[in-house]
Ligand code: GLU
């Protein structure tokens with residue numbers, strides 16, 4: 001493949017929200033184009049103009065942009081091969097329909113749904129795979145004219161003569177061969193005049209100069225039909241790469257039940273774009289490195305040779321792993337905007353809770369213990385919105401006893417600046433060590449002993465040294481006094 005001329009595309013049908021499975025296809029195409037300094041094109045396949053498709057079309061563009069997968073050519077951006085909405089490309093298709101009819105590579109078919117259905121059932125009953133019988137192949141030109149004049153609805157069928165083989169080399173699955181006898185004549189224009197998927201998709205890839213089609217393996221069996229159409233029109237063939245599907249933990253296609261979510265749901269749940277990209281770029285594709293990478297690095301090391309042939313299993317734990325990484329790597333200002341994006345029940349925003357001027361320090365104190373904006377909000381509340389202690393924290397505080405906190409206040413008073421120095425002198429003063437030293441302090445300073453939201457990911461909350469610096473001596477003193485009160489010493 002000549003890298004400098006690589007042109008990939010994402011060609012969604014706007015019939016629903018973008019999900020993990022289809023957005024992975026978009027990502028792979030994007031990364032391949034970026035890796036080769038090529039062009040990534042977006043085409044909206046809205047030929048059957050189902051209701052509501054404008055909303056889905058806009059939604060998927062928004063999702064792609066949010067993920068950072070900006071297209072070089074397509075809706076909004078434009079480009080030399082537009083329009084990029086198939087619903088606006090009727091004129092292009094009409095030319096090729098005419099050419100195919102003129103060369104008798106396609107013919108009008110007047111068979112009704114009812115006839116076709118009966119035919120299919122009879123073939124199945126006889127143990128044969130259903131194929132179009134070819135009834136309308138032999139209609140003469142005048143018969144066709146008469147029927148059209150009589151207003152009979154007609155589809156346009158592409159003629160596929162039996163007896164040969166269509167072969168191509170799939171970039172992922174290797175050499176493929178399909179017998180034309182197994183394909184049969186197929187519809188390329190519906191009776192309402194709209195092009196079938198096989199047709200418009202293949203024509204557009206060719207005329208838009210797409211050189212590599214990366215799509216789900218469910219389209220593998222469509223490819224020979226598309227190759228036949230392009231050959232009949234002497235249009236250039238792209239290379240094809242059919243990628244294995246994403247399946248749930250039980251091996252069934254990815255669905256809501258098996259953990260799939262829409263990009264919109266992930267965004268609303270607080271996932272960061274690069275978490276999704278780092279996860280999906282490794283779902284059915286391997287890198288040498290397990291490091292978190294920005295999009296340009298994911299692209300540089302992305303290769304078609306590293307795509308897997310076996311289906312990939314969606315794994316929520318992995319997605320969470322990359323989310324943690326994305327939070328760790330995000331620039332502070334971006335993370336702050338992300339943290340501010342949530343307004344949980346009370347409608348209070350984190351920037352009303354974290355004292356002004358402490359945002360950056362707050363971010364650095366909690367970012368290792370935050371998976372979603374709500375987590376950050378909870379930590380902000382624990383640390384700054386009064387002294388809320390959960391039941392476990394109260395127990396630990398009470399068990400440590402009043403003298404522990406009296407000593408703690410004493411050590412603080414003595415001017416121990418760093419948390420290390422403070423905890424060392426408190427250890428000396430009370431004889432407490434390890435858990436019995438740190439747990440009561442954690443309970444007093446953060447209001448919780450365990451991470452309430454992700455206990456299996458993080459056993460405890462943020463590092464006490466960072467909390468110590470963030471709170472500052474006055475707040476620390478107030479919290480130690482409050483803990484002393486809880487023990488009954490107040
Ligand atoms: N519109 C088709 C789909 O969403 C495109 C398939 C392809 O990528 O060729 O499945």
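Apply 1/(1 + (r/R0)^6) to the Cβ-Cβ distance of residue 162 and residue 88, taking R0 = 35 Å, and write down the FRET efficiency to the nearest 0.05. Step by step, r from the Cβ atoms, then E = 0.45. Annotation: extensible slack from residue 343 through residue 102 equals 80.4 nm (criterion: 0.36 nm per residue apart, minus Cα-Cα distance). Each residue, residue 478 and residue 65, gets one label point 7 Å from its Cα in the Cβ direction; the gap between the two is 4.3 nm. By the compact-protein rule of thumb, 2.2 N^0.38 Å, the alpha-carbon radius of gyration of segment 291-421 corresponds to a ratio of 1.48. Ranked by the mean number of other Cβ atoms within 10 Å of their residues, highest first, the peptides 398-409, 471-482 fall in the order 398-409, 471-482. Computed extension length for residue 231-residue 429: 62.6 nm, one decimal, from 0.36 nm per residue of separation with the Cα-Cα distance subtracted. For segment 188-260, the spread of Cα coordinates along the three principal axes comes to 44, 31, 19 Å, biggest extent given first.
Averaging Cα coordinates gives a centre for segment 128-198 and one for segment 225-286; these two points are 28 Å apart. For the listed peptides 425-434, 39-48, a ranking on the average number of other beta carbons within 10 Å per residue, highest first, reads 39-48, 425-434. Taking all Cα pairs closer than 8 Å and separated by 6 or more residues, the relative contact order of segment 331-490 comes to 27 percent. Would you please classify the overall shape of segment 89-184 from the alpha carbon gyration tensor, given that a ≥ b ≥ c denote the square roots of the eigenvalues, rounded means a/c under 1.5, and beyond that prolate means a/b larger than b/c while oblate covers the rest? It is oblate, given that a/c is not under 1.5 and a/b is not larger than b/c. Between 0 and 90 degrees, the angle of helix 20-35 with respect to the longest Cα principal axis of the chain falls at about 80 degrees. Full extension of the chain between residue 333 and residue 364 yields a length gain of 10.0 nm, computed as 0.36 nm times the residue separation minus the alpha carbon distance.
Output needed for the chain: three equivalent-ellipsoid semi-axes, defined as square roots of 5 times the C-alpha gyration tensor eigenvalues, in descending order, whole Å.
Rounded to whole Å, the semi-axes are 64, 21, 20.
The protection proxy used here, the mean number of other Cβ atoms lying within 10 Å of each residue, ranks peptides 199-212, 283-296 as follows, highest first: 199-212, 283-296. Taking the DSSP beta bridges with both ends in segment 1-155, the antiparallel portion is around 25 percent. Across segment 257-292, the residues whose backbone nitrogen lies under 17 Å from the label position 7 Å along the beta-carbon direction of residue 305 are 285-289. Spin-label pair residue 394-residue 217: with each label point 7 Å from Cα along the Cα-Cβ axis, the two points sit 5.6 nm from one another. With a simple spin-label model that places each label point 7 Å from the Cα along the Cα-to-Cβ direction, the separation between residue 55 and residue 146 comes to 4.9 nm. Considering only alpha-carbon pairs that sit under 8 angstrom and 6 or more positions apart, the relative contact order computed for the chain is 12 percent.
Specify whether the C-alpha gyration tensor of segment 43-90 places it in the rounded, prolate or oblate class, a ≥ b ≥ c being the square roots of the eigenvalues: rounded for a/c under 1.5, otherwise prolate if a/b is larger than b/c and oblate if not. In terms of gyration-tensor shape, oblate.
Using a 10 Å cut-off around each Cβ, can you sort 249, 19, 242 from fewest to most neighbouring Cβ atoms? Write out the running numbers ahead of the final one.
Details: 249 12, 19 20, 242 23.
Least to most surrounded, the residues fall as 249, 19, 242.
This ranking places 185, 465 by how few other beta-carbon atoms lie within 10 Å of each, fewest first, which gives 465, 185. As a length-normalised measure over Cα pairs under 8 Å and 6 or more apart, the relative contact order of segment 95-239 settles at 21 percent.
Values in this text are rule-based calculations from the coordinates and carry no lab data. Just so you know, these numbers come straight off a predicted model, no measurement behind them. Please note: Cβ atoms are built from the backbone with ideal geometry, for glycine as well, and neighbour counts cover all protein chains shown.
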